[in-house]
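The values are calculated or read from the model by the stated rules, or taken from the named source; none is laboratory data. Just so it is clear, the structure is predicted and the values come from calculations on it, not from any experiment. Note that we place each Cβ from the backbone using ideal geometry, even for glycine, and neighbour counts take in every protein chain shown.
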Amino acid sequence: MKFKDNAKIAFAKVLSDLIQSDGIVNQGEIECLHHIFMTTGIDNSHLKRSSMMTLSHAVSVLQHCGPMEKAAIRQAIRQLSIADGDIDPNESVLITALTLAIDITLPEAKGLHAELVSIPDLSFDIRNTVVYVESSYHKTINAAIRKDYEAICLLLEKHGKQLFYLPTVMSELRRKKKTFLQTLTYLEPLLTDSQLHLIEHDMKHFNCSMLSQEIFLNYLNSRGFKLNSPAFLFKIDNQKASSYQDFLVLSIDRYPLETLNQFYKLNDSLLQLPEGEHIADELAYNGLHKIIIDTILKYHSYNGLSRLLVSEDGRLYLIDRNRTEVKMQTIARALYILYLRHEEGIALTALGDHREELLEIYAMISNYNNTEKLRQTVDNLVDFVGSTINPLLSRIKRAFTSLLGEQAKDYLIEGRVRDKKRINLPRNMVTDELR
């Protein structure tokens, strides 16, 4: 089966995430993956490019494939999922999510509508929880959930999940307010007494419609989450390290319980395993293995340098260091990207001449929508208000030296006090996808 080049990249991303979804890789899976790549024409270049793609982007590409390509995708997912003779619960949800989101035609999927979203920079994790989400109060669906609440909870518990339904959660928090506040004292130690008092005081004033509007329309919406209709939100608990969290958004018709029943019927139909023994020779691959690889490459990189990627969302990655992210605050990344784009260098006293360019970069990579605040931050930086520039340069230096040690020197913004400062990294080592 022939796929277009962008579909090969997306297909490689889907299969790569699938094989790592349970954190264990064995020889059977590797051989199966190699066979699929051979038959579909996917090579190492496609695999490397797929590592820079989010799962939701990959799915959106594969949605446009024809029926024959989608049949091949379904078959490949099926082959890979059973290659180890077992299907982990995390793997099963991912398989069902991919089947629905790619819009693979199956009788059991008829009437189900879902999409897969990748949300960056979330400060919470809802694994093993299914969340009911709505951008505004939906009377009919809320009434149906209340009517079938116990049945919905039992169905989810059967599959190792629990329901997060905001009206019930708020009722429980108010009923157990004292326990909740004591819990916060130990689990959120950075909260001050005044903040705890505000939480206690305001808890009774916030109704569920207000909270739902704030959380699911404003907070998540600013991170790329688009909600068109009431839905159940399933976390894709992928063991592969990523700056994104992936979710299945399962749209609800008028009957939430029937929607979930049909979802799990599809889930069960996709997970029928052939008879046979469990395949051994497994390797549990997790974040610690990545640290080992990063550490080895830190001391033995090619020519002492790694290529540097500026991603589409303005993040910095050391490509030849297992695509390790160089993490720093947004304004620091904006300043760094500005210097990357000016190989000739910029004197600190001349930063004002690049004010608009810096603001444009900062606006592109920031989550803030307030133009005035963005401009004020840039103005403070280039006008040396509060001596912000030197601490920022120090943070950039720490971000690179913490990963590269002494080898960080070519990546730093350096220069004499009165001269132009510049980054010495050869620009053929830099890929800028933000442009």
Item checked: Subset of the range 48-61 [crowded, with 19+ Cβ neighbours inside 10 Å and closer than 10 Å to I9 by Cα] -> S50, M53, A58, V61
Margin query: I'm told E91 meets every condition in (1) buried (at least 21 other Cβ atoms within 10 Å of the Cβ); (2) at pLDDT 85 or above; (3) within 20 Å of N267 (Cα to Cα) except one. Can you identify the failing condition by its number?
Written below: (2)
Check: Given the structure, is S16 surrounded by 15 or more Cβ atoms within 10 Å (Cβ to Cβ), of a type in the set (G, A, S) and at pLDDT 80 or above?
Finding: yes
Next item on the list: Give me a count of the residues in the range 108-130 that are farther than 21 Å from K226 by Cα and modelled with pLDDT of 80 or more.
Entry: 2
Item checked: Those residues of the range 361-389 which are surrounded by 15 or more Cβ atoms within 10 Å (Cβ to Cβ), assigned to a helix (DSSP H, G or I) and under 24 Å from the mean Cα position of the chain (by Cα), in sequence order -> I361, Y362, A363, I365
Check: Can you tell me which residue in the range 34-68 is nearest to P120 (Cα to Cα), limited to those that are under 26 Å from the mean Cα position of the chain (by Cα) and touching a residue at least 60 places away in the same chain (Cβ under 8 Å)?
Finding: T54
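Per-residue answers, yes or no, for (1) within 22 Å of A101 (Cα to Cα); (2) over 23 Å from the mean Cα position of the chain (by Cα); (3) touching a residue at least 12 places away in the same chain (Cβ under 8 Å); (4) exposed (fewer than 15 other Cβ atoms within 10 Å of the Cβ):
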site: E150; (1), (2), (3), (4): no, yes, no, yes
site: L156; (1), (2), (3), (4): yes, yes, yes, no
site: S171; (1), (2), (3), (4): no, yes, no, yes
site: E214; (1), (2), (3), (4): no, no, no, yes
Notebook entry, point to check: In the range 220-247, how many residues are surrounded by 20 or more Cβ atoms within 10 Å (Cβ to Cβ), more than 11 Å from D17 (Cβ to Cβ) and at pLDDT below 70?
Noted result: 0
Item checked: Residues within the range 101-139 that are of a type outside the set (D, E, K, R) and closer than 15 Å to K235 by Cβ, tallied -> 17
Check: Only one of L184, L191, L163, L122 is under 27 Å from the mean Cα position of the chain (by Cα), surrounded by 13 or more Cβ atoms within 10 Å (Cβ to Cβ) and in a helix (DSSP H, G or I); which?
Finding: L184
Note to self: Every residue in the range 176-212 that is touching a residue at least 24 places away in the same chain (Cβ under 8 Å), within 21 Å of I126 (Cα to Cα) and not aliphatic (A, V, I, L, M), please.
What the structure shows: C208, S209, S212
Note to self: Here is a list: K139, K226, K204, K178. Which entry is touching a strand residue (DSSP E or B) at 6+ places or on another chain (Cβ under 8 Å) and either of a type in the set (D, E, K, R) or over 23 Å from S92 (Cβ atoms) (or both)?
What the structure shows: K226
Check: Can you name every residue in the range 321-353 that is more than 19 Å from R375 (Cβ to Cβ), of a type in the set (D, E, K, R) and crowded, with 16+ Cβ neighbours inside 10 Å?
Finding: R321, R323, E325, R341
